[in-house]
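**Student:** My questions all concern the structure below.
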Amino acid sequence: MKKLFLGLLLSLPLLASQLSVSSGTISAHAKMMMDSNINPISNKLGGKVSIDNNDISSLYGTLSIPLGSFKSDKEDRDEHMYETLDIVKFAKASYTISIVVKDEQVPDTYTIKGKLNLHGIEKDLDAKGKITFENGELVLDAKADLMMEQFGIEMPCMVFMCVDEKVVLDIKATFK
């Protein structure tokens, strides 16, 4: 009996698959009055997730991104973004996935619930999107709305041109 229990206990980790980000991007879409859109992007998304028996609703883990890796179409704007985010003190952001809930109405669509750690503050953040298996890889394509003031970040203004408080994150990741 002891050997059976020990064998079952040791085999439990074999049921869970550990996957790493093989490629991933995050783009952050913000609006600015009179200057239209600001769309910095980074392809430096990293992290590891675990999944039990290929059951997407069992997905959990942590993703992270260096904040200094975001680039837009204007280098001077990027410098202001880095100052606003205080990347010297807060070099990266991380997201810990805690629960994944399937949308019963739309195939392969899930709500990903977790905690975002940004600017030294951790808050709940939900993302919604598709999670599928393609060619033996797990593929995530999700969006989340982020209110910067929740993380103690005051968006910059120049005269009457202010960057909107709401930032839409577009997350794409492939895991192997």
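The values are calculated or read from the model by the stated rules, or taken from the named source; none is laboratory data. Predicted model only: the values in this text are computed from it and were never measured. Glycine gets a Cβ as well: all are built from the backbone with ideal geometry, and neighbour counts include every protein chain shown.
**Student:** Take region 29-65 and flag every residue that is closer than 15 Å to L169 by Cα, assigned to a strand (DSSP E or B) and not hydrophobic (A, V, I, L, M, F, W, C).
**Tutor:** Passing the criteria: H29, K31, N37, S42, S64.
**Student:** Collect the residues in region 123-176 that are out of contact with any helix residue (DSSP H, G or I) (no Cβ under 7 Å at 6 or more places or on another chain), within 22 Å of N37 (Cβ to Cβ) and of a type outside the set (A, V, I, L, M, F, W, C), keeping them in residue-number order. It would help to see each step written out before you state the result.
**Tutor:** Residues of region 123-176 out of contact with any helix residue (DSSP H, G or I) (no Cβ under 7 Å at 6 or more places or on another chain): 124-152, 154, 157-164, 166, 168-176.
Subset that is within 22 Å of N37 (Cβ to Cβ): 125, 127-129, 141-151, 154, 157-164, 166, 168-172.
Matches in region 123-176: K128, G129, D141, K143, D145, E149, Q150, E154, D164, K166, D170, K172.
**Student:** Let me ask another. Under 6 Å by Cβ, and 6 or more places apart or on different chains, what pairs join a residue from region 93-108 that is in a strand (DSSP E or B) with one that is surrounded by fewer than 14 Cβ atoms within 10 Å (Cβ to Cβ)?
**Tutor:** Short answer, once both residue conditions are applied: V100/S57; K102/S57.
**Student:** Within region 129-144, which residues are touching a strand residue (DSSP E or B) at 6+ places or on another chain (Cβ under 6 Å) and free of Cβ contacts under 8 Å to residues at least 24 places away in the same chain?
**Tutor:** K130
**Student:** For the condition under 24 Å from Q18 (Cβ atoms) and basic (K, R), what is the one hit in K166, K123, K92?
**Tutor:** None of the others qualify; the one that does is K92.
**Student:** Conditions: (1) within 17 Å of Q150 (Cα to Cα); (2) exposed (fewer than 15 other Cβ atoms within 10 Å of the Cβ); (3) modelled with pLDDT under 95; (4) not charged (D, E, K, R). I121 meets all but one. Number of the miss?
**Tutor:** (3)
**Student:** Additional query: Can you name the residue in region 39-77 that is touching a residue at least 24 places away in the same chain (Cβ under 8 Å), in contact with a helix residue (DSSP H, G or I) (Cβ under 7 Å, 6 or more places away or on another chain) and not polar (S, T, N, Q) and, of all such residues, is nearest to P107 (Cα to Cα)? Lay out the reasoning, then the answer.
**Tutor:** Here is the first cut: in region 39-77, the ones touching a residue at least 24 places away in the same chain (Cβ under 8 Å) are 39-54, 56-67, 69-73, 77.
Next, only the ones that are in contact with a helix residue (DSSP H, G or I) (Cβ under 7 Å, 6 or more places away or on another chain) stay: 40, 42, 44, 52-53, 67, 70-72.
Filter once more, so that each one left must be not polar (S, T, N, Q): 40, 44, 52, 67, 70-71.
Working: P40: 30, K44: 29, D52: 20, L67: 33, F70: 32, K71: 33 Å.
So, considering only residues that are touching a residue at least 24 places away in the same chain (Cβ under 8 Å), in contact with a helix residue (DSSP H, G or I) (Cβ under 7 Å, 6 or more places away or on another chain) and not polar (S, T, N, Q), the one nearest to P107 (Cα to Cα) is D52.
**Student:** Something else: Modelled with pLDDT of 95 or more, among the small types (G, A, S) and surrounded by 11 or more Cβ atoms within 10 Å (Cβ to Cβ) - does that describe any residue in region 2-16?
**Tutor:** No, the conditions are met nowhere in region 2-16.
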